[in-house]
1. Scan the range 44-60 and report the pairs whose first residue is assigned by TED's automatic domain parsing to the domain that holds D89 and touching a residue at least 60 places away in the same chain (Cβ under 8 Å) and whose second residue is assigned to a helix (DSSP H, G or I) and not small (G, A, S), with Cβ atoms within less than 8 Å and a gap of 6+ or a chain change.
2. Condition first: part of a strand (DSSP E or B) and over 19 Å from G126 (Cα atoms). Now tell me which residues in the range 197-217 satisfy that.
3. Do we have D283 as crowded, with 19+ Cβ neighbours inside 10 Å, modelled with pLDDT of 95 or more and among the charged types (D, E, K, R) here?
4. For the range 33-64, what are the residues that are modelled with pLDDT of 95 or more, more than 14 Å from L99 (Cβ to Cβ) and surrounded by 20 or more Cβ atoms within 10 Å (Cβ to Cβ)?
5. Please specify each residue of the range 181-192 satisfying the condition of being in a helix (DSSP H, G or I) and touching a residue at least 40 places away in the same chain (Cβ under 8 Å).
6. When you check S147 against the structure, is it closer than 20 Å to S45 by Cβ, touching a Ser or Thr at 6+ places or on another chain (Cβ under 7 Å) and at pLDDT 95 or above, yes or no?
7. Scan the range 265-273 and tell me whether some residue there is outside any loop (DSSP other than H, G, I, E, B) and free of Cβ contacts under 8 Å to residues at least 12 places away in the same chain.
8. Which count do you get for residues in the range 158-171 that are in contact with a Pro (Cβ under 9 Å, 6 or more places away or on another chain) and surrounded by fewer than 19 Cβ atoms within 10 Å (Cβ to Cβ)?
Amino acid sequence: MKTLRLFGFALLMISLGFVSCGDDEEENDTQNIAEIATATDNLSSLVAALDAADLVSTLEGTGPFTVFAPTNEAFDKFLSDNGFAGVADVPVDVLKNILLNHVVSGKNISTGLTTGYVESSATGAGDNPMNMYISTDGGVTINGGSSVSTADIDASNGVIHIVDAVIGLPSVVTFATADPTFGTLVTALTRESLGVDYVGTLSGDGPFTVFAPTNDAFGALLTELGVGGLGEIDDATLNAVLQYHVVNGANVRSTDLTDGQVVSTFGGAEFTIDLSDGASITDGKGRNNKIVVTDVQANNGVIHVVSTVLLP
């Protein structure tokens, strides 16, 4: 199956410019990213973390790199929130992956950033390249929780954007909540009367494979069912539908899918993969559901976007 490139994610890519920080923009043609960070007082925690993870030499390399650099305050909050007394308490492999999740290949200046998914230098489940979700709606936010405060610090081997929070390793829930395309899905998953903690479950170790319907997909379902809103779908039906979109215990990438493959879902129901005309799913009602975006990789699983809601 031909994997759709995430940079071409037509449903999500919005042609908005990045808000430049004007007077905060700096030019430096002689110092590399590691040298600039070392010379910047408010990035001393980042430098200590890079040193502990043996990544200083990486950011001294030719690159080019785009680095989203957390401030000292951001590191302090991250350590406190996760019960670490200091950088030295973070397991080195975890620390290294977190730091690499702040690095993107290429020199991406502010005006070149757009809303959508990009690959970071970190790895997610199955050692696959991790994604991050960048929103340029009223500034720049990464994964819904880290915002750029100073943009376009130029280096000889790339560019630095300073951020106000450490970009943690994302779960599939992180992307669902950060990306407004999945707003209706999140509303469904968080309905208290369902009696299932989907957010808690899908934030766990996994791995999970989620076939995620867009807002438009849910809108089409409501029309198909002849109901006025999500609230008119009873709990038992909604539970069955939501569980039909999750595969537990596997990080199934697009390259793992085969024509005629029968997939067993979280709720026990099955659907069939159809690769005869692009990638699609034949659900329990015999409906054909297009997979429109593949391989949005999180730390605990992978998301594929579907154009319609699957029905068991």
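The values are calculated or read from the model by the stated rules, or taken from the named source; none is laboratory data. Here the structure is a predicted model, which means the values were calculated and not measured. We place every Cβ from the backbone using ideal geometry, glycine too, and count neighbours over all the protein chains shown.
1. L59/I33; L59/L50; E60/I33; E60/E35
2. A212, P213 - these are the residues of the range 197-217 that are part of a strand (DSSP E or B) and over 19 Å from G126 (Cα atoms).
3. In short, yes.
4. I36
5. The answer is T181, T184, T187, A188, L189.
6. Against the criterion (closer than 20 Å to S45 by Cβ, touching a Ser or Thr at 6+ places or on another chain (Cβ under 7 Å) and at pLDDT 95 or above), S147 qualifies.
7. For the range 265-273, residues outside any loop (DSSP other than H, G, I, E, B) and free of Cβ contacts under 8 Å to residues at least 12 places away in the same chain: absent.
8. 1
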